[in-house]
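The values are calculated or read from the model by the stated rules, or taken from the named source; none is laboratory data. What you see is a predicted model; the values in this text were computed from it and never measured. For neighbour counting, all protein chains shown are included, and Cβ atoms are generated from backbone atoms with ideal geometry for every residue, glycine included.
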Amino acid sequence: MSMPKTAMVLAAGLGTRMRPLTDDRPKALVEVGGRALIDHVLDRLAEAGVERAVVNVHWFADRLEGHLAGRARPAIVISDEREKLLETGGGLKKARPLLGDDPVYVANIDSVWIDRGDAIGDLSRLWDPERMDAALLLARREGSIGFEGDGDFFLAGDGRLTFRGDAPSAPYSYMGLHITRPDYVADGPDGPFSLATLWRKSAAEGRLFGCVLDGDWMHVGDPVARDQSEARLTGET
């Protein structure tokens, strides 16, 4: 399969856990390592061959749009959620007319990583729309910055994912990037909903897959994680 040329970048959240850094800007424009979070993501996608990124906006939307206007690549298309936040699934469903019909990357803006391999390439090579509804990029819990949960998934030898369920922990966490079909959300409810709802159904049907990042993942979700990630990126730790 060829690598997707279009991405959906989820940037509409309020960033409440990042306050006070988000008192005057969207979370996407909080800087770490000298660059805004959204530029870390867009630069990765551009390097992977993405030509067009649909970005949803809500909190300080004008400021984010102004920042994005200064980018040369990928080309930016805005999905406007000023009126109502729609969460991950609702945001993707609203943006469906802007995404085309081919598979797309879907990316969070609070994920930064140091890549020792070819994470996005590995994810693209894994993706098979005949067998999969979504292919997720995962990180090992150990050594990740800014993630304090018990893990999300178990990973089978063939790449199939199962949710942690009642287990006390699972070795892998979703790290904020996946590939799916734009019409995957077509049967989702109107209004806000989470993609995790659809993932659980796909996992039960054996159609949710994943691969693991060879590198260091930073979930930049609050000011402490931002400072820790800054130190990691600048080589202070």
| In the stretch 159-198, how many are touching a Phe, Trp or Tyr at 6+ places or on another chain (Cβ under 8 Å), under 19 Å from LEU137 (Cα atoms) and not hydroxyl-bearing (Ser, Thr, Tyr)? | 12
| task | Using the structure shown, decide if ALA139 is crowded, with 17+ Cβ neighbours inside 10 Å, within 28 Å of PRO192 (Cα to Cα), of a type in the set (Gly, Ala, Ser) and at pLDDT 95 or above. | result | no
| field | Failed condition for VAL41, given (1) touching a strand residue (DSSP E or B) at 6+ places or on another chain (Cβ under 7 Å); (2) modelled with pLDDT under 95 | value | (2)
| remark: For the stretch 52-76, the count of residues that are modelled with pLDDT under 95 and under 16 Å from the mean Cα position of the chain (by Cα) equals 0
| request: Would you be able to say whether some residue in the stretch 5-20 is hydroxyl-bearing (Ser, Thr, Tyr), farther than 21 Å from ALA95 by Cβ and either in contact (Cβ under 8 Å) with a residue 12 or more places away in the chain or touching a Leu at 6+ places or on another chain (Cβ under 6 Å) (or both)? | output: no
| Name the residues in the stretch 160-189 that are among the charged types (D, E, K, R) and within 21 Å of VAL104 (Cβ to Cβ), would you? | ARG181, ASP183, ASP187
| task | Select from the stretch 215-236 the residues that are assigned to a helix (DSSP H, G or I) and within 22 Å of THR16 (Cβ to Cβ) and list them in ascending order. | result | PRO223, VAL224, ALA225, ARG226, ASP227, GLN228, SER229, GLU230
| query | What do you reckon, is SER79 within 22 Å of MET18 (Cβ to Cβ), touching a Phe, Trp or Tyr at 6+ places or on another chain (Cβ under 9 Å) and hydroxyl-bearing (Ser, Thr, Tyr)? | reply | no
| query | Regarding GLY149, is this residue free of Cβ contacts under 8 Å to residues at least 40 places away in the same chain, in contact with a strand residue (DSSP E or B) (Cβ under 8 Å, 6 or more places away or on another chain), surrounded by fewer than 16 Cβ atoms within 10 Å (Cβ to Cβ) and not charged (D, E, K, R)? | reply | yes
| Is at least one residue of the stretch 104-125 under 24 Å from MET3 (Cβ atoms), of a type in the set (Phe, Trp, Tyr) and either touching a Gly at 6+ places or on another chain (Cβ under 8 Å) or not in a loop (DSSP other than H, G, I, E, B) (or both)? | yes
| remark: Out of (1) free of Cβ contacts under 8 Å to residues at least 12 places away in the same chain; (2) of a type outside the set (D, E, K, R); (3) within 30 Å of GLY157 (Cβ to Cβ), the one LEU136 does not meet is (1)
| field | Counted residues, the stretch 156-200 - those being aromatic (Phe, Trp, Tyr) and either in a loop (DSSP other than H, G, I, E, B) or in contact with a helix residue (DSSP H, G or I) (Cβ under 8 Å, 6 or more places away or on another chain) (or both) | value | 3
